Amino acid sequence: MDVRILIDEMVKNMGYRTYPGYPEEYIWVDHGDGSGEVIMLLENQDLEKVREFQSSTVSFPGERFLFMLSDGGNKDIISYCKGHKITTVTRDETAKLLGKALIDMHLSSKTTKRPAVRQPKEDSDFILVYLEEGNNPKYIRPVVSGELVTNSIGLRSDLIFVPYHFFSYTMKVVEGENIAIKEGTSMVNAVNGRVTRSINGYEILDSWPTTHREMELKWEPLSSMERAKRWISDSTETEVVEKSETEAFIIYSRSRVKPLEDTIKVKYINTCFYPIYSSSALVMDGFTGEIKSITDYV
């Protein structure tokens with residue numbers, strides 16, 4: 001039996017779930033409370049692969065585990081993992097965990113099954129995006145019509161829905177000598193991981209009835225949350241110019257607005273399909289009407 005299947009069963013028995021994160025070769029676990037973990041299966045004593053795991057997951061907000069599947073323990077690997085806060089699980093410890101999962105699968109009289117995934121028709125570009133059981137992304141109603149797009153750029157365009165994760169946030173910022181509380185929202189493109197300020201005033205629909213395409217989700221909410229947090233911090237740190245006047249002078253003073261990193265709290269709101277109209281390399285945003293490049297979205 002595949003080791004990944006056993007780990008998936010072990011995760012389910014703990015009340016958690018695995019999800020398709022990126023890079024795909026690792027096992028991504030969501031605890032359901034905004035926390036999680038990522039697991040690498042190391043089939044041989046290859047330190048370079050461990051270095052790749054470190055660099056690929058260094059910004060992951062949860063715990064990181066290295067499951068060793070081969071005999072022996074490479075001291076360099078163990079030392080490297082300890083220095084980079086990666087928990088190592090030896091071959092014997094891994095065998096005990098997987099053995100327990102196998103026994104639990106054998107004794108379980110009830111099997112929890114995920115809803116059957118509808119297979120797309122051959123003539124359809126539809127891709128079903130799995131977010132979590134019974135909770136696929138809804139659709140943001142386009143404000144711009146397809147006819148307007150055709151008239152604007154002179155070419156026939158296709159309606160494409162791109163998945164986005166929406167987050168709200170609060171934090172404390174230092175403004176000169178004062179501390180203030182700042183709130184806001186952001187959205188993360190679940191295809192390419194880009195973060196932007198969230199749109200407002202949009203209407204959400206359960207489905208979209210006309211011909212369209214849907215991009216496949218690559219970034220799950222948990223892995224997108226850290227990207228949103230980094231963007232919030234970077235976009236908040238600015239320089240503010242203040243003007244004051246006296247009888248004889250106009251005085252300009254500069255002060256920095258800087259976020260307090262440990263106070264940034266990010267909360268997942270939902271995931272929605274965002275509308276764009278694509279014609280070759282040109283794209284018109286279906287909500288704002290802005291014309292951009294297709295690389296801004298995929």
Next on the checklist: Give all pairs with beta carbons closer than 7 Å in which a residue from region 190-217 that is within 12 Å of PHE273 (Cα to Cα) meets a residue that is among the acidic types (Asp, Glu); count only pairs at least 6 apart in sequence or on separate chains.
Outcome noted: ARG213/ASP125; ARG213/ASP158
Next on the checklist: Could you tell me how many of the residues in region 83-100 are assigned to a helix (DSSP H, G or I) and either touching a residue at least 40 places away in the same chain (Cβ under 8 Å) or among the β-branched types (Val, Ile, Thr) (or both)?
Outcome noted: 4
Checklist entry - When the residues of region 145-173 are filtered to those that are modelled with pLDDT under 85 and crowded, with 20+ Cβ neighbours inside 10 Å, which remaining residue is nearest to ILE294 (Cα to Cα)? => result SER157
Checklist entry - Among the listed residues ILE7, ILE27, ILE103, ILE77, which satisfies the condition of being without any contact (Cβ under 8 Å) to a residue 12 or more places away in the chain and hydrophobic (A, V, I, L, M, F, W, C)? => result ILE103
Item to check | Enumeration of residues in region 206-240 that are over 19 Å from ASN189 (Cα atoms) and either outside the structural domain of VAL174 (by TED's automatic domain parsing) or not small (Gly, Ala, Ser) (or both) | outcome: ASP206, TRP208, PRO209, THR210, THR211, THR236, GLU237, THR238, GLU239, VAL240
Checklist outcome for this item: Sole miss for ILE103 among (1) surrounded by fewer than 11 Cβ atoms within 10 Å (Cβ to Cβ); (2) modelled with pLDDT under 65 is condition (2)
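The values are calculated or read from the model by the stated rules, or taken from the named source; none is laboratory data. These numbers come from a predicted model, not from an experiment. Heads up, the Cβs are rebuilt from the backbone with ideal geometry, glycines too, and the neighbour counts pull from every protein chain shown.
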